Amino acid sequence: MKKILIQLDSDRIASSFDAITAYDAGVDRVFLYGGVGPDEVRGIVYGAMFTRGVGDLKNSAVFIGGSSVPRGEALLDTAKGAFFGPVRVSLMLDANGCNTTAAAAVAKIRSKGDVTGKKVAVSAGTGPVGLRAAALLAREGAMVTLSSRILARSVTACASIKERFGVEVSPAEATDAEGTARVLDGAYAVLCCGAAGVTLVPESIWSNHPTLRVLADVNAVPPLGIEGTESGWAGYEKHGKSIFGALGVGALKMKVHRACVARLFNQNDLVLDAEAIYAVAKEIEQQ
Amino acid sequence: MKKILIQLDSDRIASSFDAITAYDAGVDRVFLYGGVGPDEVRGIVYGAMFTRGVGDLKNSAVFIGGSSVPRGEALLDTAKGAFFGPVRVSLMLDANGCNTTAAAAVAKIRSKGDVTGKKVAVSAGTGPVGLRAAALLAREGAMVTLSSRILARSVTACASIKERFGVEVSPAEATDAEGTARVLDGAYAVLCCGAAGVTLVPESIWSNHPTLRVLADVNAVPPLGIEGTESGWAGYEKHGKSIFGALGVGALKMKVHRACVARLFNQNDLVLDAEAIYAVAKEIEQQ
Amino acid sequence: MKKILIQLDSDRIASSFDAITAYDAGVDRVFLYGGVGPDEVRGIVYGAMFTRGVGDLKNSAVFIGGSSVPRGEALLDTAKGAFFGPVRVSLMLDANGCNTTAAAAVAKIRSKGDVTGKKVAVSAGTGPVGLRAAALLAREGAMVTLSSRILARSVTACASIKERFGVEVSPAEATDAEGTARVLDGAYAVLCCGAAGVTLVPESIWSNHPTLRVLADVNAVPPLGIEGTESGWAGYEKHGKSIFGALGVGALKMKVHRACVARLFNQNDLVLDAEAIYAVAKEIEQQ
């Protein structure tokens with residue numbers, strides 16, 4: 001019986017990235033559905049639920065992607081609502097790579113030591129990866145500050161994290177290097193989630209920072225988010241700090257993505273969202 | 001050479017149900033085409049006709065699904081019209097499961113004995129499954145009555161059966177339990193094709209019915225179409241009558257669906273519509 | 001690691017012809033993307049570039065089809081522009097079969113002898129195949145005349161060939177048999193690229209033509225483009241001339257199409273457009 005992954009994407013073009021990664025994870029067949037709205041999910045999920053016996057349902061699974069995390073979450077909710085009793089299939093949400101990238105970045109930061117009670121800044125953190133990473137760091141016990149160029153956006157982001165994950169994250173505004181320096185005051189670690197090609201943390205700020213020990217960046221397009229670093233660094237030490245560049249994080253992200261897709265087919269009742277995906281990331285990081 | 005099934009669906013989202021079932025039937029690759037209109041069929045079918053030599057064309061086939069039977073029939077007609085001489089591929093129509101479900105239900109009823117000359121009621125029969133089942137029962141020689149809550153709909157349904165299958169089916173109206181009792185008067189069997197979660201035949205009507213011997217239901221969502229039964233029954237005897245619930249019919253439907261898809265690849269000139277699919281259902285039922 | 005071909009089609013329905021041919025060429029998985037616009041290409045191509053290591057990128061490739069050659073060329077240009085350094089995948093353009101059919105037709109004509117300095121007419125040549133074939137013949141050193149029923153179209157076509165391929169092709173008008181006779185005056189070969197079911201060259205014109213030695217036709221629907229011939233001819237001699245019918249050309253076209261798709265997976269930096277596809281066609285023709 002073939003392992004079939006039904007890929008639901010809220011964008012018109014279903015992600016080729018997700019589909020190729022699914023095949024590299026060992027899936028036999030991927031169904032690419034693009035432009036999927038919540039009202040179309042139930043019919044598609046029923047097709048997975050009613051074609052195979054309950055004992056065989058672990059061979060069918062649903063992956064939810066697309067560039068919009070809220071739309072992905074809406075698809076996930078509808079999919080969950082279609083199930084009843086043991087008649088269900090495993091689900092994974094990774095809209096825009098939000099979960100696998102955030103999980104990999106946080107696992108990398110966490111690999112350098114416990115963050116409990118320590119201040120961690122998520123810089124330019126209102127996007128998909130920043131939101132998820134801030135939540136995961138807060139769940140690890142860190143005192144998380146999430147900054148944005150516009151304070152209102154940061155406030156909204158922190159509220160959405162509170163609602164979805166039940167953890168507190170502090171909003172902050174940083175419109176320039178000085179603002180970033182203020183956000184980093186007393187921080188143990190920083191994760192930069194800014195736009196591609198935009199420097200967020202000048203080397204002058206971090207090079208002799210008194211408390212910063214770990215810096216991570218998910219921007220792979222020069223200039224990088226953290227000045228004076230390289231995207232391929234995976235824990236490289238500079239100025240006495242551990243640095244993770246976007247490709248250093250990305251290598252773990254790909255492993256996590258593939259491992260999570262593979263696990264969907266071990267049982268028929270998994271729901272892989274941020275928390276479960278982070279658990280996989282930590283497990284792989286520690287190997 | 002890989003067995004390729006081209007799945008044409010008149011709905012925007014091509015059915016995952018049909019695609020998974022195709023893979024479980026042994027197809028190597030399924031092409032999912034959604035939102036297909038008749039004017040798009042010829043080009044797609046040409047792609048199947050002109051890529052492989054005539055001797056290899058049995059490795060390509062076309063499956064037509066979607067929620068609308070008339071639209072599926074229009075796609076089927078266009079596909080047939082694209083062929084010439086031996087340059088053709090096998091075709092199967094099962095829009096909304098109309099043919100495989102109807103064939104399985106009728107084969108189950110027929111498994112309890114000949115229906116020639118006997119009255120059989122198809123209750124709430126104006127939908128895809130009811131229309132096909134009524135036609136198949138009439139072709140078996142039964143005196144079929146097709147009921148609806150609205151007489152005009154039943155009349156239209158019977159006319160469409162006459163046009164497509166060349167057999168007579170009697171229209172009837174049944175707006176309540178009394179109406180249903182009248183429709184069942186003198187009937188040997190009844191097939192309930194009503195909406196999910198709607199009871200059509202109260203137990204008081206069928207439990208000591210003088211002529212009814214076989215009852216079948218394609219509604220799997222409680223309350224079932226036939227009160228006092230269970231969806232998993234596959235010929236279970238109660239009150240001296242044989243009962244087939246939706247899952248009892250459904251198990252055969254899945255076998256028929258898979259067997260029909262598999263047969264598409266034995267030759268390049270099959271057209272599997274109601275009659276041929278019913279022949280497969282009877283063959284499987286008798287095994 | 002599976003060989004994945006991403007098929008981009010500018011038509012809403014991605015070509016089943018191209019997808020089946022890809023599987024017959026040994027591709028493991030084809031992703032069918034229909035209705036693709038240039039603004040959607042980059043994201044899809046990034047998905048191919050960033051999922052596998054550089055050493056494995058030869059296992060991912062992009063095929064561009066669709067009925068419109070200009071739109072296909074726009075997709076190709078965008079795909080090329082997405083690459084950087086060694087992070088790229090192989091590409092093939094064959095919108096409407098323009099390259100594989102033209103390459104096969106020209107290779108067949110060329111198989112009968114050198115065309116350098118000889119006049120070759122491409123009749124009704126303003127369509128996808130005619131444009132490509134005229135360019136390839138001119139690149140072989142032939143003096144090419146491209147005719148159309150409307151002179152302005154031919155002039156535009158020749159200008160587009162000059163721009164894309166850097167070679168000169170002479171425009172000509174042929175509205176009837178007399179016009180065609182004038183176009184063929186002094187010609188060594190003619191390739192008919194007219195509409196299906198339209199005769200372009202009456203037998204009276206070619207049967208005792210003093211200079212014509214090779215005739216080829218890509219119209220497979222009777223009446224054929226060259227009167228008194230058969231579509232299956234693959235170099236058949238009649239009236240002392242070598243004739244290639246549409247199926248004679250088509251058999252080579254299919255081999256070329258499959259061979260080109262297969263070669264995409266030998267390396268990660270191929271770009272198979274007209275010139276490279278023609279090189280493959282000549283190689284196969286000479287085997």
Hey, can you tell me all the residues within segment B:130-142 that are assigned to a loop (DSSP other than H, G, I, E, B) and buried (at least 24 other Cβ atoms within 10 Å of the Cβ)? B:Ala142
With respect to the numbered conditions (1) under 20 Å from B:Gly53 (Cβ atoms); (2) modelled with pLDDT of 95 or more, which one is the sole condition not fulfilled by C:Ala220? (2)
Subset of segment A:79-98 (residues that are assigned to a helix (DSSP H, G or I) and out of contact with any Lys or Arg (no Cβ under 6 Å at 6 or more places or on another chain)): A:Ala79, A:Lys80, A:Gly81, A:Ala95, A:Asn96, A:Gly97
Take the residues of segment C:108-123 that are buried (at least 24 other Cβ atoms within 10 Å of the Cβ) and hydrophobic (A, V, I, L, M, F, W, C): which is farthest from C:Val169 (Cα to Cα)? C:Ile109
Filter segment A:13-57 down to residues that are small (Gly, Ala, Ser), in contact with a Leu (Cβ under 8 Å, 6 or more places away or on another chain) and at the interface with chain B (Cβ under 9 Å from one of its Cβ atoms), then give me how many there are. 1
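Every residue, every condition in (1) surrounded by 16 or more Cβ atoms within 10 Å (Cβ to Cβ); (2) in contact with a Cys (Cβ under 9 Å, 6 or more places away or on another chain), yes or no:
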residue: A:Thr145; (1), (2): yes, no
residue: A:Thr156; (1), (2): no, no
residue: A:Ala159; (1), (2): no, no
residue: A:Glu173; (1), (2): yes, no
residue: A:Ala177; (1), (2): no, no
residue: A:Leu184; (1), (2): yes, no
residue: A:Tyr188; (1), (2): yes, no
residue: A:Ser207; (1), (2): no, no
residue: A:Asp217; (1), (2): yes, yes
Which of the residues that make up segment A:127-143 are farther than 18 Å from A:Glu275 by Cβ and modelled with pLDDT of 95 or more? A:Met143
Scanning segment A:51-72 for residues that are of a type outside the set (Gly, Ala, Ser) and free of Cβ contacts under 8 Å to residues at least 24 places away in the same chain, which turns out surrounded by the most Cβ atoms within 10 Å (Cβ to Cβ)? A:Thr51
So which of C:Ala234, C:Ala195, C:Ala281 ends up being touching a Gly at 6+ places or on another chain (Cβ under 7 Å) and either more than 23 Å from C:Lys119 (Cβ to Cβ) or not assigned by TED's automatic domain parsing to the domain that holds C:Val122 (or both)? C:Ala234
Kindly indicate which of A:Ser10, A:Ser67 is of a type in the set (Ser, Thr, Tyr), touching a Gly at 6+ places or on another chain (Cβ under 9 Å) and facing another protein chain (nearest Cβ under 10 Å). A:Ser67
Is it true that C:Val36 is surrounded by 24 or more Cβ atoms within 10 Å (Cβ to Cβ), over 19 Å from the mean Cα position of the chain (by Cα), within 26 Å of A:Ala25 (Cα to Cα) and assigned by TED's automatic domain parsing to the domain that holds C:Ala276? no
Residue by residue through segment B:237-250, note down the ones that are surrounded by 14 or more Cβ atoms within 10 Å (Cβ to Cβ) and farther than 19 Å from B:Cys193 by Cα. B:Lys238
Give A:Ala102, A:Ala74, A:Ala61, A:Ala95 a once-over and let me know the one that is closer than 21 Å to A:Glu275 by Cα, within 12 Å of chain B (Cβ to nearest Cβ) and small (Gly, Ala, Ser). A:Ala61
Out of curiosity, is A:Gly113 in the same structural domain as A:Thr211 (by TED's automatic domain parsing) and over 17 Å from A:Ile277 (Cβ atoms)? yes
Among the residues of segment A:108-129, is any of a type in the set (A, V, I, L, M), under 22 Å from A:His257 (Cα atoms) and assigned to a helix (DSSP H, G or I)? yes
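The values are calculated or read from the model by the stated rules, or taken from the named source; none is laboratory data. Remember, it's a predicted structure, so these values are computed and weren't measured experimentally. No Cβ is skipped: glycine too gets one built from the backbone with ideal geometry, and neighbour counts run over all protein chains shown.
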